[in-house]
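Asks: The structure follows.
Derivation of every value follows stated rules applied to the coordinates shown; laboratory data play no part. These numbers were taken from a predicted model, which means no experiment stands behind them. Please note: Cβ atoms are built from the backbone with ideal geometry, for glycine as well, and neighbour counts cover all protein chains shown.
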Amino acid sequence: MLQNHYAMAAAKAGGPDVLLRTELVLATPGPGEVQIEHRAIGVNFIDCYFRSGLYPWPDPQLLIPGAEASGVIAATGPGVTGLKEGDRVAYTLPNNAYASARNIASAHVVKLPDGISFEVAASVMLKGLTARYLLKDSYVLHPGQKVLFHAAAGGVGLIAGQWMTALRVEPVGTAGGPDKCRIAKAHGYADVIDYRAEDFLEAARRLEPTGYHVVYDSVGKDTLLKSLKCLRLHGALVNFGQSSGAVSDFRVSDLAAGSFHLTRPVLFHFTSDRSWLVRAAEELFGLILEGRIDVQTRRASLTDAAQVHADLEGRKTTGSTVLIP
Ligand SMILES: NC(=O)c1ccc[n+]([C@@H]2O[C@H](COP(=O)([O-])OP(=O)(O)OC[C@H]3O[C@@H](n4cnc5c(N)ncnc54)[C@H](OP(=O)(O)O)[C@@H]3O)[C@@H](O)[C@H]2O)c1
């Protein structure tokens with residue numbers, strides 16, 4: 001049976017205003033698929049990269065952005081095991097989440113434990129699992145190591161700060177403006193540099209003259225070359241995003257300044273391994289239920305997606321925002 005739903009979709013790449021309400025007809029789920037009625041949808045910078053055209057669209061005619069969401073299973077397709085109608089679930093997968101419902105391969109879906117709300121789940125499936133691989137897979141952090149984490153008051157940044165505290169690491173963060181610095185400090189960062197008010201390289205060196213074991217840089221263009229200069233010998237730079245624009249002036253020989261390591265990881269290369277996904281989600285939900293990671297979420301209507309994108313790109317947000325259909 002076909003069902004009527006709606007999405008916030010774009011027919012051409014561009015600014016936030018290209019996102020428009022679009023009616024959606026969903027078929028019954030196919031083999032191995034489930035249909036999820038969304039209750040909350042996380043907003044992430046990757047949604048802006050797709051919307052603006054920085055990342056190519058899977059379907060050049062229409063983009064439904066959105067890469068993490070939670071909801072209730074409304075129907076299951078043939079061959080689905082372990083999930084049934086009425087189950088509370090969540091997932092992360094690039095695109096198609098800005099919709100009141102969707103069909104999705106059941107291999108991407110995890111069940112929500114009691115005590116994890118739809119809004120929290122939709123805030124952490126992408127951002128929290130990113131924090132997990134950053135701190136425990138791309139680079140394996142050990143207690144006491146020196147860490148610099150950019151955009152510390154952002155969605156990934158606030159979760160990562162608390163997770164690092166749980167790992168007995170006292171990171172230094174950067175954030176734009178005194179309010180964001182205060183919020184980051186309340187979420188695990190021992191020191192936070194206001195990189196709009198002062199040169200972060202100078203401040204980071206003052207705080208840690210021998211340099212950092214690892215720098216996590218999702219800002220990209222504006223920060224990456226200076227981030228390399230913050231490392232100690234054999235240090236690692238984890239570049240996992242480009243909120244300020246793509247990096248264009250990096251040369252491999254820049255790593256020779258300190259025998260540095262560089263990686264450019266992507267969450268979906270970790271979550272495509274089902275056993276990693278299930279283990280990492282359990283770990284993340286466990287830390288939330290124990291009160292070691294607190295997730296503050298701003299709510300907006302799904303139909304206000306354009307304004308939410310403008311706020312995120314305008315550096316006006318802290319932590320996570322979820323869209324409610
Ligand atoms: N590779 C992956 O697997 C992966 C997964 C998740 C997220 N990411 C990346 O991680 C980053 C954080 O994602 P998020 O969704 O949690 O976003 P976010 O950190 O909440 O928002 C981005 C932040 O970047 C900072 N920023 C610095 N220069 C900026 C500029 N010119 N324009 C806009 N923002 C600027 C702003 O914080 P300040 O005002 O404090 O500077 C802004 O709030 C993004 O780059 C995203 O693409 C990557």
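Asks: With springs only between Cα atoms under 10 Å, which of I64, I116, I41 fluctuates most in a Gaussian network model of the chain?
Replies: Comparing I64, I116, I41 in the GNM, the peak value goes to I116.
Asks: While we're on this one: Taking +1 at the Cβ of each Lys and Arg and -1 at the Cβ of each Asp and Glu, which of V278, P209, G176 sits farthest along the dipole of the chain towards its positive end, judged by Cα position relative to the Cα centre?
Replies: P209
Asks: Also: State whether the stretch 128-265 is rounded, prolate or oblate according to the following rule on the C-alpha gyration tensor (a ≥ b ≥ c being the square roots of its eigenvalues): a/c under 1.5 gives rounded; otherwise a/b larger than b/c gives prolate, and the remaining case gives oblate.
Replies: rounded
Asks: A further question on this structure: Please identify every one of the trypsin sites (Lys or Arg not before Pro) in the stretch 197-281 that sits in a loop by DSSP and has no more than 13 other beta carbons within 10 Å of its own beta carbon.
Replies: Those that pass, being in a loop and sparsely packed, are R251.
Asks: With charges only on Cβ, +1 for K and R and -1 for D and E, what is the dipole size of the stretch 257-325 about its Cα centre, in debye, rounded to 20? Please report the intermediate quantities before stating the final value.
Replies: Values: 8 positive and 8 negative charges, 28 e Å.
The calculated dipole for the stretch 257-325 is roughly 140 debye.
Asks: Loop only per DSSP, at most 15 neighbouring Cβ atoms within 10 Å: give me the trypsin sites (Lys or Arg not before Pro) in the stretch 54-125, ordered by residue number.
Replies: Filter output for the stretch 54-125: K84.
Asks: Also: Among S248, S301, S70, which one shows the highest mean-square fluctuation when the chain is modelled as a Gaussian network with alpha-carbon springs under 10 Å?
Replies: S248
Asks: Moving on to the next point. At a Cα cut-off below 28 Å, give the lysines reachable from K185, other chains included and same-chain residues fewer than 8 away excluded.
Replies: Qualifying lysines at Cα under 28 Å: K127, K136, K146, K221, K226, K229, K316.
Asks: By its C-alpha gyration tensor, with a ≥ b ≥ c as the square roots of the eigenvalues, how is the stretch 23-155 shaped: rounded for a/c under 1.5, else prolate for a/b larger than b/c, else oblate?
Replies: oblate
Asks: Can you tell which of A300, A40, A122 shows the greatest fluctuation in a Gaussian network model of the chain with Cα springs below 10 Å?
Replies: Result for the chain, Cα springs under 10 Å: A300 fluctuates most.
Asks: Could you size up the charge dipole of the chain around its Cα centre, putting +1 on the beta carbon of Lys and Arg and -1 on that of Asp and Glu, and report it in debye to the nearest 20?
Replies: 420 debye
Asks: Restricting to DSSP loop positions (anything but H, G, I, E, B) with no more than 14 other Cβ atoms inside 10 Å of their own Cβ, which GluC sites (Glu not before Pro) remain in the stretch 34-109?
Replies: The qualifying sites are E85.
Asks: Scanning the chain for helices, which whole DSSP H stretches are 15 Å or more long along the axis (Cα) and average 0.0 or more by Kyte-Doolittle? Don't jump to the answer; show the numbers that get you there.
Replies: Working: long enough: 155-166 (18 Å, 0.98); 274-289 (22 Å, 0.76).
Once both thresholds are applied, what remains is 155-166, 274-289.
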